[in-house]
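Q: Dropping the structure in here first, questions after.
The values are calculated or read from the model by the stated rules, or taken from the named source; none is laboratory data. All figures in this text were calculated on a predicted structure; none of them were measured in a lab. Glycine also receives a Cβ, built like all others from the backbone with ideal geometry; neighbour counts cover every protein chain displayed.
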Amino acid sequence: MDYIIRATTADGGVRAFAANMGQCVQTAFEIHNTSPVMTAALGRCLTASAMMGCMLKSDDDIITLSIKGDGPGKGIVVTSDSKARVRGYCFENNVDIPLKKNGKLDVSGAIGNGTLTVLRDMGLKEPYVGQVPLVSGEIAEDITYYYAVSEQIPSAVSLGTLIDRDYSVKQAGGFIIQIMPDADENMIDAIENKIKTIPAITKMLEDKMTLEDILNYVLGDFKVNILDKITPKYYCSCSREKVYKALLSVGREELEDMLKKDKKAVVHCHFCNKDYEFDEQCLIDMLS
Ligand SMILES: [Zn+2]
């Protein structure tokens with residue numbers, strides 16, 4: 001069962017999130033039929049976005065992570081709302097590249113060099129946008145770097161997706177630990193040193209550790225208070241009505257062109273792979 005926990009340490013110096021996202025990432029795999037390395041990359045992004053979504057303040061806020069790279073996978077887009085309802089897609093679903101020397105899927109090889117853009121839409125006219133170059137393409141390090149540079153929040157991020165032999169998702173999860181401005185220096189060092197010694201997140205999930213176990217283990221020297229438990233979900237918010245509105249906004253000329261050439265308009269939603277079809281009469285009505 002997928003879930004996310006939100007926690008702080010007793011002294012308030014640290015806030016932490018941990019996520020078990022196996023079913024969400026499996027759903028993404030079933031929708032997009034991604035190859036293992038792209039399932040791993042998409043799974044890491046979805047896990048990060050779900051936890052970052054839980055940091056949003058209001059119900060209507062949306063966070064979007066957009067990765068663009070010069071590798072064969074080209075890029076990934078994921079979004080989450082504050083209830084950890086996530087969705088995402090890869091620019092290229094079928095990337096098949098050799099494993100890394102350590103036997104792991106080569107996510108950074110699939111992504112390549114590029115940028116990570118974080119967009120927080122909070123219902124204001126201008127969304128908050130932060131962009132950093134990719135420092136590794138392994139996603140977790142890139143998000144750590146994003147927080148350090150763009151938001152000045154020292155963070156430790158771990159993300160993992162374990163793919164089974166049949167390409168389905170065996171485990172997916174992660175954590176984000178953030179040091180609050182008033183935390184003392186010793187705390188930062190202690191956490192950083194501890195994180196260097198812990199197993200991969202997917203290994204801990206395989207070993208049947210709960211998210212509570214994992215945060216207690218990572219933050220072992222500090223008392224962890226679990227504040228909240230959230231159930232993430234793969235959910236696409238697209239609808240015929242929204243697509244209709246978007247189609248209206250492409251402009252008269254383009255609509256006339258579709259009407260003339262195809263006698264219909266088909267709009268594809270990348271997030272859930274659904275096609276919305278608008279027939280000839282519908283286009284005529286739009287133009288009248
Ligand atoms: Zn959709």
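Residues checked against (1) within 16 Å of the ligand (Cβ to nearest atom); (2) within 18 Å of the chain's Cα centre (by Cα); (3) closer than 21 Å to LYS274 by Cα; (4) of a type in the set (A, V, I, L, M):
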| position | (1), (2), (3), (4) |
| --- | --- |
| THR64 | yes, yes, yes, no |
| GLY75 | no, yes, yes, no |
| THR79 | yes, yes, yes, no |
| CYS90 | yes, yes, yes, no |
| THR115 | no, yes, no, no |
| LEU124 | no, no, no, yes |
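Q: Just to be sure before I move on: is LYS208 in a strand (DSSP E or B), at pLDDT 95 or above and either within 16 Å of the ligand (Cβ to nearest atom) or farther than 20 Å from ALA84 by Cβ (or both) in the structure I sent?
A: Numbers: in a strand (DSSP E or B): no; at pLDDT 95 or above: yes; either within 16 Å of the ligand (Cβ to nearest atom) or farther than 20 Å from ALA84 by Cβ (or both): yes.
For LYS208, the condition - in a strand (DSSP E or B), at pLDDT 95 or above and either within 16 Å of the ligand (Cβ to nearest atom) or farther than 20 Å from ALA84 by Cβ (or both) - is not met.
Q: What residue, of LEU205, LEU162, LEU227, is in contact with a Lys or Arg (Cβ under 6 Å, 6 or more places away or on another chain) and surrounded by 19 or more Cβ atoms within 10 Å (Cβ to Cβ)?
A: On the way: LEU205 fails: in contact with a Lys or Arg (Cβ under 6 Å, 6 or more places away or on another chain); LEU227 fails: surrounded by 19 or more Cβ atoms within 10 Å (Cβ to Cβ).
When all the criteria are applied, what remains is LEU162.
Q: Assigned to a loop (DSSP other than H, G, I, E, B) and at pLDDT 95 or above, is that true of GLY71? Don't jump to the end; show me each part of the working.
A: Values: assigned to a loop (DSSP other than H, G, I, E, B): yes; at pLDDT 95 or above: yes.
Yes: the conditions hold for GLY71.
Q: Right, next: Basic (Lys, Arg), within 11 Å of the ligand (Cβ to nearest atom) and on the phi < 0 side of the Ramachandran plot - does that describe any residue in segment 263-277?
A: Within segment 263-277, one or more residues are basic (Lys, Arg), within 11 Å of the ligand (Cβ to nearest atom) and on the phi < 0 side of the Ramachandran plot.
Q: For VAL78, are the conditions met, namely being in contact with a helix residue (DSSP H, G or I) (Cβ under 7 Å, 6 or more places away or on another chain) and in a loop (DSSP other than H, G, I, E, B)?
A: On the way: in contact with a helix residue (DSSP H, G or I) (Cβ under 7 Å, 6 or more places away or on another chain): yes; in a loop (DSSP other than H, G, I, E, B): no.
Against the criterion (in contact with a helix residue (DSSP H, G or I) (Cβ under 7 Å, 6 or more places away or on another chain) and in a loop (DSSP other than H, G, I, E, B)), VAL78 does not qualify.
Q: Another one. Taking the condition among the aliphatic types (A, V, I, L, M), away from the ligand (no atom under 16 Å from the Cβ) and either exposed (fewer than 13 other Cβ atoms within 10 Å of the Cβ) or outside any strand (DSSP E or B) (or both), does ILE214 pass?
A: Values: among the aliphatic types (A, V, I, L, M): yes; away from the ligand (no atom under 16 Å from the Cβ): yes; either exposed (fewer than 13 other Cβ atoms within 10 Å of the Cβ) or outside any strand (DSSP E or B) (or both): yes.
So ILE214 passes the test.
Q: Is it the case that segment 18-25 has a residue that's within 30 Å of LEU124 (Cα to Cα), in the same structural domain as VAL224 (by TED's automatic domain parsing), touching a residue at least 24 places away in the same chain (Cβ under 8 Å) and assigned to a strand (DSSP E or B)?
A: Checked segment 18-25: at least one residue is within 30 Å of LEU124 (Cα to Cα), in the same structural domain as VAL224 (by TED's automatic domain parsing), touching a residue at least 24 places away in the same chain (Cβ under 8 Å) and assigned to a strand (DSSP E or B).
Q: Do you know which of the residues in segment 24-50 that are closer than 15 Å to LEU159 by Cα and more than 8 Å from the chain's Cα centre (by Cα) is surrounded by the fewest Cβ atoms within 10 Å (Cβ to Cβ)?
A: Our first condition is that a residue be closer than 15 Å to LEU159 by Cα; within segment 24-50, this holds for 24-25, 37-50.
Filter once more, so that each one left must be more than 8 Å from the chain's Cα centre (by Cα): 24-25, 37-41.
Details: CYS24: 27, VAL25: 33, VAL37: 28, MET38: 28, THR39: 25, ALA40: 28, ALA41: 32.
Once the filter is applied, the top-ranked residue is THR39.
Q: Hey, among the residues in segment 232-252 that are over 17 Å from CYS269 (Cβ atoms) and modelled with pLDDT under 95, which one's farthest from the chain's Cα centre (by Cα)?
A: Here the residue is ARG252.
Q: Within the set of pairs 6 or more residues apart or between chains, which connect a residue that is assigned to a strand (DSSP E or B) inside segment 264-287 to a residue that is more than 9 Å from the ligand (Cβ to nearest atom) and charged (D, E, K, R) with Cβ atoms less than 7 Å apart?
A: What qualifies is VAL266/ASP275; VAL266/GLU277; HIS268/ASP275; TYR276/ARG240; GLU277/LYS264; PHE278/LYS264.
Q: For segment 87-107, what are the residues that are free of Cβ contacts under 8 Å to residues at least 12 places away in the same chain and farther than 30 Å from TYR235 by Cβ? Before the answer, list the steps.
A: Of all residues in segment 87-107, those free of Cβ contacts under 8 Å to residues at least 12 places away in the same chain come to 98-104.
Residues satisfying the conditions are PRO98, LEU99, LYS100, LYS101, ASN102, GLY103.
Q: LYS229 - would you say it is part of a strand (DSSP E or B), modelled with pLDDT of 95 or more and of a type in the set (Lys, Arg)?
A: Details: part of a strand (DSSP E or B): yes; modelled with pLDDT of 95 or more: yes; of a type in the set (Lys, Arg): yes.
The answer is yes for LYS229.
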